[in-house]
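Working notes, beginning with the structure itself.
Any read-out appearing in this document is the output of simple, stated calculations on the displayed coordinates, not a laboratory observation. A quick note: this is a predicted structure, and the numbers were derived from the prediction, not measured. Note: ideal-geometry Cβ built from the backbone for every residue, glycine included; neighbour counts use all protein chains shown.
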Amino acid sequence: MKALSILSKALPLTVALAFASTTQAATISFGGVTANDGSGLTSSYIDPLTGGQADYFIESFDQATNFSGLPGSIAYNDPGFDQECSVNSANGGPAGVTVTANASEVGIRKGSVANVAAAPAGDTTCFGYLTNNGSGVATTVFDYSALLSYYTTLYSSNTLLGITYLGFYWGSVDTYNDFEFYSDGNLVTSITGSQLLSALGGQSGNQTSSKSNVYVNIDFSIAEQFDTLVIKTSGIAGEFDNIVVGLSTREIPVPAPTGLALFAFGLIALGLRSRLKK
Ligand SMILES: [Ca+2]
Ligand SMILES: [Ca+2]
C-alpha cells in the first residue's frame, strides 16, 4: 500500500518531465558478452551463472540458474523439458514478474524444431519463444510492476525506484518480431525486427549470423518509469533468452576498455602525434 502511494505520487513528476524535455528518451544499443552457461550472448552487466547481483535480475529460462526463493513456473514449457526449463522469475515470489501469455503461443525449450522455434545462435540452454502458429499476432507481456512495488517497500525511503536498464538476447530476428516497452500502459519506446535488421545489415530469420542474433540493451531514464515489456510476433517465431533487468539503485560496474576502445584510443594518439610532428 505504501509502495503504491509512493509510485502514484511520482507519476505527476514524470509527466511534467516528459513535457519539459525531450532528452528523456530511452536509448537502444546492440552488443553483449559471451555467457558462461552456454546460452550465447548475455548482458555486459551480468551473466546467468553470476546473476543475482544486487538490483539486477536475469530471466534465463533455466532451472539450473534459478534465483533461490523464486519458485518459477513450468506452465509454458514444451513437453519433455520440465526437469530443465522454467520461467524462473515469474508468477509466485514476492518480487515475481507477472507473465501473461496464451499458452498455445509461447514455449520454453532447448534446441531447434522446424516450424516451431530456433535456438538463438550459440544457445544450448533453455530459451523462450513466441509463435503465432501461422496466423494473427501473438503477444507476451512481462510486467515488472510487482517487482518495483516490492523493492520500493523494501527500501522504504524517498528514493524514486525505477527500472533503468533492460537487456535481452534476441535470436534469429525476423522482420515480424517486435519488442515494446511501456510505462503505466503508455508506449515508451519499441524496436522492431525490421529496424534491427536494417541497422545491422542482417538477414531475416538467419539462425547463426551475429547480425540477426543480437544482444539488445535499452537504457531508460528514471523519469520514463518503464514497467512492462511486450513481445509480439506475427510469424514463426520470436526467440529470446537472458532478459536482464537493472534497477536504478544498482551499482553499474565500470567496464574494462575493450579492444575496439583501445584501438580507437590508439588512433587518436597517432593522430595527435602526427599533428605534433607538423
Ligand atoms: Ca537460457
Ligand atoms: Ca525468429
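Taking each residue as 0.36 nm, the span from Thr208 to Gln83 lengthens on full extension beyond its C-alpha to C-alpha distance by 42.3 nm.
The charge dipole of region 209-251, taken about the Cα centre with unit charges on the Cβ atoms of Lys, Arg (+1) and Asp, Glu (-1), comes to about 160 debye, rounded to the nearest 20.
Multiplying the residue separation of Thr153 and Thr100 by 0.36 nm and subtracting their alpha-carbon distance yields 16.7 nm.
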